[in-house]
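The values are calculated or read from the model by the stated rules, or taken from the named source; none is laboratory data. Treat the numbers as computed from the prediction; the structure is a model and nothing was measured. Please note: Cβ atoms are built from the backbone with ideal geometry, for glycine as well, and neighbour counts cover all protein chains shown. Heavy atoms of the whole protein, side chains included, go into the accessibility calculation; ligands, DNA and RNA do not. Shrake-Rupley method; radii C 1.70, N 1.55, O 1.52, S 1.80 Å.
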Amino acid sequence: MKPVLKGLAVAAVLAAAAGAAAFSPDPESAVSPEARGVAQAVTAAELAAWGRERGDAGALIMAARLLSEVPVRQGEGPEPILTPGRLLDEAAALSAGNQPIIDAIDRLREPMTRGVRSSPFGAGPVFTVKQLQARESWGFEVDARAGEVLRVAAIGDGDTDIDLTIRDQRGATVCRDGFGDHYPVCTVSSRTGGKMRVAISNRGDVWTSIQVLSN
């Protein structure tokens, strides 16, 4: 098997495993297309991190493919920090001039320039980009819909560890992801709905950019 194809095959297996294991909501709660989009974006971020650690261009190409399928709606802040185009640029930098890899990147870039025409992820998750100083935290409120999964992810630029916490109206913690990575995600099933408070913390000693996704 050619190296680029082998890398893509391994990446596909990893992506499928990550997507199946990381997001298992209450079976009684509905999962919106946008919530599934958040999950796929996080899987792409995890796969991209795996590829960077191993210098695997194929993994970054697969991450770009996963991400390119998810439309997003812009909230506050500048442009997203995790994009298919940037992932493909990283893959090209790792390709060492390998022509099959370059060809695979070029084939993927062409349809990406036309945008997502039809998606199983609805209108797509909303994203907000923020910059957090060292040890800084930032929070915001969301309205959880009754009987529907709320999914929130914070994808950092890789410089520091990011923590994510969601609390209900009483201040009780309903989800916390503080596993020491830069792409925490919380999935909350709420039968009653209502306002919830999301808190995101930069645990590092340097500033970082984060891209927050939610449905």
*Using the Cα atoms as the points, what is the convex hull volume per residue of the range 47-200 in Å³?*
124 Å³
*Whole-Hz ³J(HN,Hα) from phi, Karplus 6.51 cos²θ - 1.76 cosθ + 1.60, for the range 98-110, glycine and proline x*: 5, 5, x, 5, 4, 4, 4, 5, 5, 5, 7, 5, 4
*What are the semi-axes of the equivalent ellipsoid of the range 54-132, taken as the square roots of 5 times the eigenvalues of the Cα gyration tensor, listed largest first and rounded to whole Å?*
25, 16, 9
*Report the relative contact order of the range 99-215, percent, no decimals, based on alpha-carbon pairs under 8 angstrom and at least 6 residues apart.*
38 percent
*To one decimal place, what Kirkwood hydrodynamic radius in Å is obtained for the range 114-215 from all pairs of distinct Cα atoms?*
14.2 Å
*Residue-wise, which Karplus ³J(HN,Hα) couplings in Hz belong to the range 40-47, taking 6.51 cos²θ - 1.76 cosθ + 1.60, θ = phi - 60°, and x for glycine or proline?*
5, 5, 5, 4, 4, 5, 5, 5
_Please compute the per residue accessible area over the range 133-191 with all protein chains in place, 1.4 Å probe, rounded to a whole number of Å²._
49 Å²
*Could you point to the residue in Gly158, Pro184, Leu108 farthest towards the positive end of the range 93-215's charge dipole, with +1 and -1 charges on the Cβ of Lys/Arg and Asp/Glu respectively?*
Pro184
*Enter the accessible area per residue of the range 36-103 (Å², integer; probe 1.4 Å; all protein chains in place).*
43 Å²
